[in-house]
Amino acid sequence: MRTIAISDIHGQFRAFKQLLKQLEFDPDKDQLILLGDYVDRGKQSLEVLEFVSFLKDRGAILLGGNHENLLLDWLDHPNDKRIAANYFQNGGGETIRSLSEEAAEDDYPTLQMRIQATCPDLIAMIRGLPNFYETADTIYVHAGIDPDKADFRTTSEDDFRWIRHSFWVWDNTTGKQILFGHTPTGVLRQQFGEESNDFSPYTLPGGTKTAIDGGAAFGKQLNALVMENGRTWYDFVSVED
């Protein structure tokens, strides 16, 4: 059985479908693990959410990301203009338009109630997404784990979904490989003094943490890391703005 890990789809439904097609993905033979950030910035968040819900029913493992938290935070605070402004700055307007088929600029409470009413199953799915998935040799997570925790499982949800630099530079003591998304790999390469225009999966110094966010949210690429019988390789689809 192949294990296929994909992260940070960000409303890029066509690219996601194309990537699975390229991989000849078969839910009866492959284990698909999605590392969060299904929504925001891309124009087809509703289609992505509906499709990942279908895949979940077929055995895919779905984790939550920080953009799922941003959406829920906006939905749960209908009169908070600060939260709304933050969500819009992070690409939430595209998600709201996708879920409500309305402009997302004026009557927030009405839009929030409409989305809650018309997409209850999808919102419930988002609320129930776990923060990590663990196998005998690998930890899958959206952003990373808290280096200060003796047991990584006690990492806060905020860190599981938002952490960056302290996790990147930490010496992995879990004894397992960690696969994560959240930060585009070109950005990570630049952080470590390497070529910043390469958005393929990137294994950080130390060899035990691999980033797979290809920057699909910013028109770069959507990556899939594939593991089978001790081999690991990747495939990708370029994303147009």
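Values as computed for the structure displayed
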| quantity | calculated |
| --- | --- |
| Assigned charges on the beta-carbon of Lys, Arg, Asp, Glu; the chain dipole about Cα centre (debye) | 340 debye |
| Accessible-area composition of the stretch 110-241, carbon plus sulfur, in percent [1.4 Å probe] | 47 percent |
| Label-point gap, in nm, between ASN229 and GLN191 - each point 7 angstrom along Cα→Cβ | 3.5 nm |
| Accessible area (Å², 1.4 Å probe, nearest 10) - ASP171 | 120 Å² |
| Most positive-pole-ward Cα, GLN22, LEU111, LEU70, against dipole of the chain from beta carbon charges | GLN22 |
| Extent along principal axes [Cα atoms of the stretch 119-227; Å; largest to smallest] | 42, 36, 26 |
| Beta bridges per DSSP with both ends in the chain, % antiparallel, nearest 5 | 55 percent |
| Ellipticity estimate at 222 nm from DSSP helix runs (n ≥ 4, -39,500 (n - 2.57)) divided over the chain, nearest 500 | -10000 deg cm²/dmol |
| Nitroxide proxy distance, nm - points 7 Å out along Cα→Cβ at ASP57 and ARG164 | 3.8 nm |
| Candidates GLN31, GLN177, GLN190: whichever shows maximal mean-square fluctuation once the chain is modelled as a Gaussian network with Cα springs under 10 Å | GLN190 |
| Dimensionless Rg/Rh of the chain - Kirkwood Rh, Rg from C-alpha atoms | 0.96 |
| Probe 1.4 Å, protein heavy atoms only - accessible area per residue of the chain in square angstrom | 46 Å² |
| More than 21 Å apart - percent of Cα-Cα pairs taken over the stretch 1-113 | 37 percent |
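The values are calculated or read from the model by the stated rules, or taken from the named source; none is laboratory data. Model, not experiment: these values are computed from the prediction. We place every Cβ from the backbone using ideal geometry, glycine too, and count neighbours over all the protein chains shown. Note: areas computed on protein heavy atoms with side chains; ligands, DNA, RNA excluded. Shrake-Rupley method; radii C 1.70, N 1.55, O 1.52, S 1.80 Å.
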